[in-house]
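Just so it is clear, none of the values below were taken in a lab; they were calculated from the coordinates. Model, not experiment: these values are computed from the prediction. Every residue, glycine as well, gets a Cβ built from its backbone with ideal geometry; the counts of neighbours run over all protein chains shown.
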Amino acid sequence: MHCLFIGGLVLLTVSASLSAAEPTTMIADFENGRPSKWTVNFGAWEAENGHLVARQLEKDNHAAAARWQIPLADGTVALKLKFEGATGFHIGFDPASGTLDKKGHLYSLVITPSSAQLRKHRDKAKDDSKDVVLATAGFPKTTGKWLTVELTAVGDKVTATIDNGSGAVARLDATDPTFHVAKPAIVFRTIGDHVLIDDVKVTVAKPR
């Protein structure tokens, strides 16, 4: 295994002698800013004091949104999260172009300071299409405390856990026949004011 340090990104790669299916892991700790492929679409996403601070901007009239351009089909996204004014944070995916007859996002883990949902997103090409909540979980309100979040996608199944440090771990599971498709990036969204993000680790178990 080899380690490469590029800005705020640590890339762990396996030896060429190992199987091509061996997972690859990328870690962003934000000590030196955002990784080069972490693109901002809306809002403010600034590295401060070793964390990434995200917030919605009123002028955008849109949730703060950013994408870490890591293509994958199966894999795990893990991070630490602290709400400091924000009312929601999403970790989600879009389908790769041409993989589905659908317009818009694929699904998201939607987290608030006291709850979480796994949500399949609507088809924006259909006026009557709506988001569908596939799983929900609640936990004691955690404003100002770190949450440990993990989202794992394997084929059509998605599993998420949220640990707020109280000893109880919230777990969500969902399955949908569209979830296995290739995904070009991990989508992050922030609703409202500040949220702190740290130690983002993406493990690609199956590339696109």
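Listing for the model above:
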{"read-out": "Mean separation of Cα contacts under 8 Å (6+ apart) over length of the stretch 51-148, as relative contact order %", "value": "24 percent"}
{"read-out": "Spatial separation of Cα centroids for the stretch 114-139 and the stretch 24-90, in angstrom", "value": "21 Å"}
{"read-out": "Thr143 paired with Asn61, simple spin-label distance in nm, labels 7 Å along Cα-to-beta-carbon", "value": "2.8 nm"}
{"read-out": "15 Å beta-carbon shell around Glu22, net charge (K/R +1, D/E -1)", "value": "0"}
{"read-out": "Environment charge at Arg34 (Cβ cut-off 12 Å; Lys +1, Arg +1, Asp -1, Glu -1)", "value": "-2"}
{"read-out": "Relative contact order (%) - criterion: Cα under 8 Å, at least six apart; region: the chain", "value": "29 percent"}
{"read-out": "Of Lys145/Lys183; Lys80/Lys145; Lys102/Lys126; Lys157/Lys206, those spanning more than 20 Å from alpha-carbon to alpha-carbon", "value": "Lys145/Lys183"}
{"read-out": "Extension gain from Lys130 to His194, taking 0.36 nm per residue of separation minus the Cα-Cα distance", "value": "20.2 nm"}
{"read-out": "Computed lengthening from Asp176 to Gln69, 0.36 nm per intervening residue step minus Cα-Cα distance", "value": "36.2 nm"}
{"read-out": "Summed side-chain charge close to Pro71 - residues other than Pro71 whose Cβ falls under 12 Å, Lys, Arg +1, Asp, Glu -1", "value": "+3"}
